[in-house]
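Chemist: This is the structure I want to talk about, given as structure tokens.
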Amino acid sequence: MKGLNLIIRMMGILVLLLPVPALTLEVKQGKREVEGRKVIRLGEVVVSATRSEIPVFDAAQSVTVISSEEIMASPFDRVEDIVRNVVGVYNYRHYAVQTHGIASPLKMRGVGEHRILILVDGVPQNDNFNDAIAWVAWGHIPKEAIQRIEIVRGPASAVYGSEGLGGVINIITKKPKTGRQTLVRGEAGSGDTYEGYSFYSQKIKGLGFMLAGGYEESDGFYMVEHHKPYEIKRDREVGKVLGKVTYDLPHNSNLSIAALYYDHETGKGRKYFYDDLTLGQYWMNYNYGGESFDLKGLVYLNRADKTAYQDTAKDNYSSLYRKEEIDPTTWGADFHATIPIGSSTKFTLGAAYKETSWDYDNVYVISTRDAGAKGKQRSISPFANLDFHFLNNHLLVNLGARYDRIRTWDGENWDSKASAGKPAYHNKFDSNTEDSFSPKIGIAWHPDEKTTLRASGGKGFREPSLFELYKVHVRGGGTYYREANPDLDPEKIWSYDLGVERYLTDTLWGPDHFLSGLCQGLYWRPSHRHGHLCPRQKNPV
């Protein structure tokens, strides 16, 4: 509550300090006429900030949109590399490192490592186990198929629920257009590196289809100049295909069905230290745009089949020690309607459902040892959003809130052999239910046609993943051991932003400042040097 009061005070100060422009401007379809001249706002729109389309210039939160042209002009193919140079986004993974275990490398405003929500056409990619998306390095979507990437800085829990403490990155794929589009691209490089990509799209009357894919292989490289005898080059082999079918229905509505297949094998520098991953993702979007309301619906299914091959330091990494076989499945639905109230207000009301289940099994090659874990997690989440436009669209106010009720059950972990000073065990954990209410508020003010002053604040939260709750994690050939902690509480953060953007001719310039207070469930770490912390866990590990 203290955080919410501070947000409200900040909004009031901003409004009182800003100059009031003349209110004689006539707004017509996104254009304004000033003394006979037409000043046209930018055509870029963003949907990730409020779930309804608004111009980026009007967004109360700090937003960046990377266009299809910018994506294709980038020398990189993976999204995590394409967003490297975006202000407020930090990628600590080296360009050449193709995977990084379970650690997601992106941070946004000091918050990261599984605390940035990744979406593809609105489908959550964070898998609640150990982030299959971190293994993929966000390269599972062929960049030829990406229409734009929307980056919203700051907590997104009022809109999307768990995960988005630092912000949200929404990868929006292309829709087929009238006519035919074809692209073929090939690349070659050192280390016997070869890559090939293709894209095809066509729309005939109301039926459209799009197909994009790519294949990569490389013998790789050594990570260090003076490598040890057991170290080898980090090779990789990757294949991916994305298909989409769209159909225009009567009454200003349309339906799209998409399917993604991704498969990779990536080496990590030793003969028996590598991983295989196969992703299968399927989603369907429905959109209706009417005069009285807009309706959007989404259903999805994400499946992953992951195998991590592990060696051991006991024999100088000379043989295969065990295989980690992981089979997470996530499915869900999301529906919301946007209703205009008069000419100056939009009200969005919706609900989301998400359920994740996984089975984890340790297969030991030279023994009968049995170890593993499993669990399930479900969230039910109603949400609402209000957009107000005042003073001939010079003042825009955004209010939003979401309630998440998350149940975790069927949690178990076991190991038939004592290790790391621990006896054999088989634990069955009680079910647990957590709830979280996440509000947000934002103001955007246009003192003139080329300037936006914005302030926003809100709460974010992240429910502990099934990995953190139930899995005993062993790495480094047995040199790293981390206990499971079924008593972890959700992480929470309050964040407050002040920013100004000014267009000088067609160029945007402007500072953006933020303040956040972060409480984390696994350990304490400030998200910003002006942040404040509080204890987050019941039973520290």
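Chemist: Going by what's in this entry, would GLY208 be described as assigned to a strand (DSSP E or B) and closer than 30 Å to ALA351 by Cα?
Modeler: Details: assigned to a strand (DSSP E or B): yes; closer than 30 Å to ALA351 by Cα: yes.
Considered against the rule, which asks whether it is assigned to a strand (DSSP E or B) and closer than 30 Å to ALA351 by Cα, GLY208 comes out as yes.
Chemist: If a residue has to be part of a strand (DSSP E or B) and out of contact with any strand residue (DSSP E or B) (no Cβ under 8 Å at 6 or more places or on another chain) to count, how many in segment 423-455 make the cut?
Modeler: Quick first cut of segment 423-455, residues part of a strand (DSSP E or B) only: 425-428, 432-445, 451-455.
Remaining after also requiring out of contact with any strand residue (DSSP E or B) (no Cβ under 8 Å at 6 or more places or on another chain): none.
The total comes to 0.
Chemist: In addition: Does segment 283-302 contain any residue that is of a type outside the set (Ser, Thr, Tyr) and in contact with a helix residue (DSSP H, G or I) (Cβ under 7 Å, 6 or more places away or on another chain)?
Modeler: In the first step, residues of segment 283-302 are kept if they are of a type outside the set (Ser, Thr, Tyr); the result is 283-285, 287, 289-291, 293-299, 301-302.
Retained after the next criterion (residues that are in contact with a helix residue (DSSP H, G or I) (Cβ under 7 Å, 6 or more places away or on another chain)): none.
Looking for residues that are of a type outside the set (Ser, Thr, Tyr) and in contact with a helix residue (DSSP H, G or I) (Cβ under 7 Å, 6 or more places away or on another chain), one finds none in segment 283-302, hence no.
The rows are residues; the columns are (1) hydrophobic (A, V, I, L, M, F, W, C); (2) in a helix (DSSP H, G or I); (3) surrounded by 15 or more Cβ atoms within 10 Å (Cβ to Cβ); (4) without any contact (Cβ under 8 Å) to a residue 60 or more places away in the chain.
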{"residue": "LEU277", "(1), (2), (3), (4)": "yes, no, yes, no"}
{"residue": "LYS296", "(1), (2), (3), (4)": "no, no, yes, no"}
{"residue": "ASN302", "(1), (2), (3), (4)": "no, no, yes, no"}
{"residue": "LYS323", "(1), (2), (3), (4)": "no, no, yes, yes"}
{"residue": "PHE335", "(1), (2), (3), (4)": "yes, no, yes, yes"}
{"residue": "THR338", "(1), (2), (3), (4)": "no, no, yes, no"}
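Chemist: Also: Go through segment 357-398 and give me each residue that's closer than 30 Å to LYS346 by Cβ and among the β-branched types (Val, Ile, Thr).
Modeler: ILE380, VAL397
Chemist: Restricting to segment 372-409, name every residue that is closer than 26 Å to THR356 by Cα, of a type in the set (A, V, I, L, M, F, W, C) and either surrounded by fewer than 15 Cβ atoms within 10 Å (Cβ to Cβ) or free of Cβ contacts under 8 Å to residues at least 60 places away in the same chain (or both).
Modeler: ILE380, ALA384, TRP409
The rows are residues; the columns are (1) surrounded by fewer than 23 Cβ atoms within 10 Å (Cβ to Cβ); (2) at pLDDT 90 or above; (3) in contact with a helix residue (DSSP H, G or I) (Cβ under 9 Å, 6 or more places away or on another chain).
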{"position": "TRP135", "(1), (2), (3)": "no, no, no"}
{"position": "VAL152", "(1), (2), (3)": "no, yes, yes"}
{"position": "ALA158", "(1), (2), (3)": "no, yes, no"}
{"position": "ILE172", "(1), (2), (3)": "yes, yes, no"}
{"position": "ARG180", "(1), (2), (3)": "yes, yes, no"}
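Chemist: Only residues that are among the hydrophobic types (A, V, I, L, M, F, W, C), within 12 Å of the chain's Cα centre (by Cα) and modelled with pLDDT under 90: list them for segment 117-131, please.
Modeler: LEU117, ILE118, listed by residue number.
Chemist: Right, something else. Any chance segment 18-35 includes a residue that's loosely packed, with under 15 Cβ neighbours inside 10 Å, of a type in the set (Val, Ile, Thr), farther than 29 Å from ARG236 by Cβ and modelled with pLDDT of 50 or more? I'd like the intermediate steps shown before the answer.
Modeler: Step one: list which residues in segment 18-35 are loosely packed, with under 15 Cβ neighbours inside 10 Å, which gives 19-20, 22-24, 26-31, 33-35.
Then keep just the ones that are of a type in the set (Val, Ile, Thr); that gives 20, 24, 27, 34.
Okay, now just the ones that are also farther than 29 Å from ARG236 by Cβ, so 20, 24, 27, 34.
So of that shortlist, the ones also modelled with pLDDT of 50 or more come out as none.
No, segment 18-35 has no match at all.
Chemist: Does segment 511-518 contain any residue that is surrounded by 14 or more Cβ atoms within 10 Å (Cβ to Cβ) and either outside any strand (DSSP E or B) or at pLDDT 85 or above (or both)?
Modeler: Filtering segment 511-518 down to residues surrounded by 14 or more Cβ atoms within 10 Å (Cβ to Cβ) leaves 512, 514-518.
If we keep only those that are either outside any strand (DSSP E or B) or at pLDDT 85 or above (or both) as well, we get none.
The answer is no; no qualifying residue exists.
Chemist: Within segment 268-315, can you find the residues that are charged (D, E, K, R), closer than 22 Å to PRO340 by Cβ and at pLDDT below 90? Break it down into steps so the answer makes sense when it comes.
Modeler: Restricting attention to segment 268-315, the residues satisfying the condition of being charged (D, E, K, R) are 268, 270-271, 275-276, 291, 294, 296, 303, 305-306, 311, 314-315.
Adding the requirement that they be closer than 22 Å to PRO340 by Cβ leaves 291, 294, 296.
Residue satisfying the conditions is GLU291 alone.
Chemist: While we're here: What do you reckon, is TYR200 farther than 22 Å from PRO75 by Cα and without any contact (Cβ under 8 Å) to a residue 24 or more places away in the chain?
Modeler: Numbers: farther than 22 Å from PRO75 by Cα: no; without any contact (Cβ under 8 Å) to a residue 24 or more places away in the chain: yes.
Against the criterion (farther than 22 Å from PRO75 by Cα and without any contact (Cβ under 8 Å) to a residue 24 or more places away in the chain), TYR200 does not qualify.
Chemist: Among the residues of segment 306-316, is any part of a strand (DSSP E or B), touching a Leu at 6+ places or on another chain (Cβ under 8 Å) and among the aliphatic types (A, V, I, L, M)?
Modeler: Scanning segment 306-316, I find no residue that is part of a strand (DSSP E or B), touching a Leu at 6+ places or on another chain (Cβ under 8 Å) and among the aliphatic types (A, V, I, L, M), so the answer is no.
The values are calculated or read from the model by the stated rules, or taken from the named source; none is laboratory data. Computed from a predicted structure; not experimentally measured. Cβ sites come from the backbone with ideal geometry, for glycine too, and all protein chains shown count toward neighbours.
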